[in-house]
Structures are given as C-alpha cells and as structure tokens.
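See structure below.
The values are calculated or read from the model by the stated rules, or taken from the named source; none is laboratory data. Small disclaimer: the values here were computed from a predicted structure and weren't measured. When we count neighbours, we look across all protein chains shown, and the Cβ atoms used for this are built from the backbone with ideal geometry, even at glycine. To get the accessible areas, we keep the full protein, side chains included, count just its heavy atoms, and leave off ligands, DNA and RNA. Shrake-Rupley method; radii C 1.70, N 1.55, O 1.52, S 1.80 Å.
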Amino acid sequence: MLVRMMVLPGGMSGANRGHVSTELQSRRAGLPHAVFLQRVADEPATSPDVRLGQGAFLTLRFVDLLAPDREPPSPDVFRYQWAATERYCAELAGEGTEASHLSCIVRAAGEAHREGNLQMLAPALFAYALYLEQESHFDEAEDALLTMINIGIGRLPSSDAISAWMRLGRVRRLQAAFDQADAAYAEAGRIAASVGDRQAILTSEVGRANVVYFRGNLAEAERRWLSILADTEGTPYRGVTAQAEHGLGNLLNLRGEPQVGAPPPLESV
C-alpha cells in the first residue's frame, strides 16, 4: 500500500532524470530506485533487510520530489509524502544504522524544501552512499550517489558535485564496471577544471589510473602514476602524491620489484 501511494505522484519513468552529462542520460530506465526492492527476492518478505530496502525505496522516491527536472510538488502533496515516509522510517527505528541514515535523509529533504536550500540534503545522501558501499551494496550505493547528483544539478557547490562523481567512480570500479567508472572520474575532473581546482583534477586522474590498473594494463597505469607524481612535484598536494605513490608501489610489487616500490629509508646524517 505504501509503495503504491508513494510512486503515483512522481510518475513511473526514470529515463529523464538528469541533464548534466550523457552519464546521467544513460541511467537505467524503469522504476527509479527499484534496486532497493531487489532485497525482496533475496530475503524473506518479513526480514529487517527487506523492510529497510522498502524504506530506502520510499525515502529516495520522496527525495525525487526535489529534482530540478520535474514540476515542484504542491505543498499538500509534499507534506503528505513527507509525513508518510517519516512514519514508515520511524517504524524502522530499531533496525540499526541504515534506519538512522534513512531518517536523516527524510528530515534533511524536508528541511531543504522548507528552506529552499538543497545543500542541506547532500551530506545525508553522501553518508548513506558511503554506508552502502561499506556494506558491499554497490548497486544501491550507486543509486544513492546518482540521486545526489541529479537532485543537486546546478544547486550544489562544485566540491560536493566533485565528491559525488569521485565516489561514484570508486563504486563502479569495485563492481568492475570500468568504462562507467572512468566516465565518472572524468566528469569529476571536468567539474574541477571548470572551477580551477587543481588538486581535484589530479585526484580524478588518480582514480582513472586506478581503473587502468585494475583493468590489467600495468604499463599504462605506471605511465599515468608517474605523470601524476611529476605534476604534484613542488605542490602542497601531499594526499594526491601519496595515492599515486601507493598505486605505483602496488604495481611494482606485483611486477616482482618490491625493493623499488618500497625503498629503504634514508640514513640519518
């Protein structure tokens, strides 16, 4: 009953959810967030995991009301869905960490709508995506990140958009969806370049080098990591340097050259 009630106001098609890039345009058509309902096929219908999946589906359908590519809901419709979703999530309160994330998203969406500030919603969606990734729910983490990206088109700080695309690249790489992962990292780099964020540009290049490495093209990965290290020389971007050195060290160890990948410390003088 709740599922039917929540879907009707938003329509049934998710094929036109975003226009920021061809990446969003290629998002799977069909019922948005249906990936969370897949849990029904994997667990007994009464299990906490299934109920949490249904709660996630309803929560993200509620968030969809704030998407920029749809007509704003009337105040009555928004209040109705807010109350219904909040009530369902309240019933999940004893189900642990995921239930807390869902409640935070519902609360943040309501506050964002009331204040007219979508930046208030991004942290809750990002935190939920991180939780799903840590639990190895990679398809679901991807859905949460794409929701954040879609909702935030033109309304989020570039730093938030860059972070979302970077994380999306990682989640896709973990699923061995290498082409899609590279596209996500490239989009992060494009946004970073548009605002002159050199550190984020280089971080996106680290992500793309990781994709090449896990694809098995070690020579190209080495070339990219060495290029990144050359670009970070003399800069304060120590985190980027560390990531590139870590990747290069792993590659050299895999190649059977651990002594090159982990040189001994310099002698004190």
Taking only the range 61-104 into account, find how many residues are among the charged types (D, E, K, R), more than 30 Å from residue 134 (Cα to Cα) and in a helix (DSSP H, G or I).
2
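Does the range 60-83 hold any residues that are without any contact (Cβ under 8 Å) to a residue 40 or more places away in the chain and open to solvent by less than 10 Å² (accessible area, probe 1.4 Å), and which are they?
Answer for the range 60-83, where residues must be without any contact (Cβ under 8 Å) to a residue 40 or more places away in the chain and open to solvent by less than 10 Å² (accessible area, probe 1.4 Å): just 78.
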I'd like to check something: does the range 163-170 contain any residue that is of a type outside the set (A, V, I, L, M) and surrounded by fewer than 18 Cβ atoms within 10 Å (Cβ to Cβ)?
no
Conditions (1) modelled with pLDDT of 90 or more; (2) closer than 25 Å to residue 191 by Cβ; (3) within 18 Å of the chain's Cα centre (by Cα); number of the one not met by residue 98:
(2)
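Filtering the range 189-220 down to residues that are of a type in the set (D, E, K, R) and more than 14 Å from residue 168 (Cβ to Cβ), which residue is most open to solvent (accessible area, probe 1.4 Å)?
Ranking the qualifying residues of the range 189-220, first place goes to 215.
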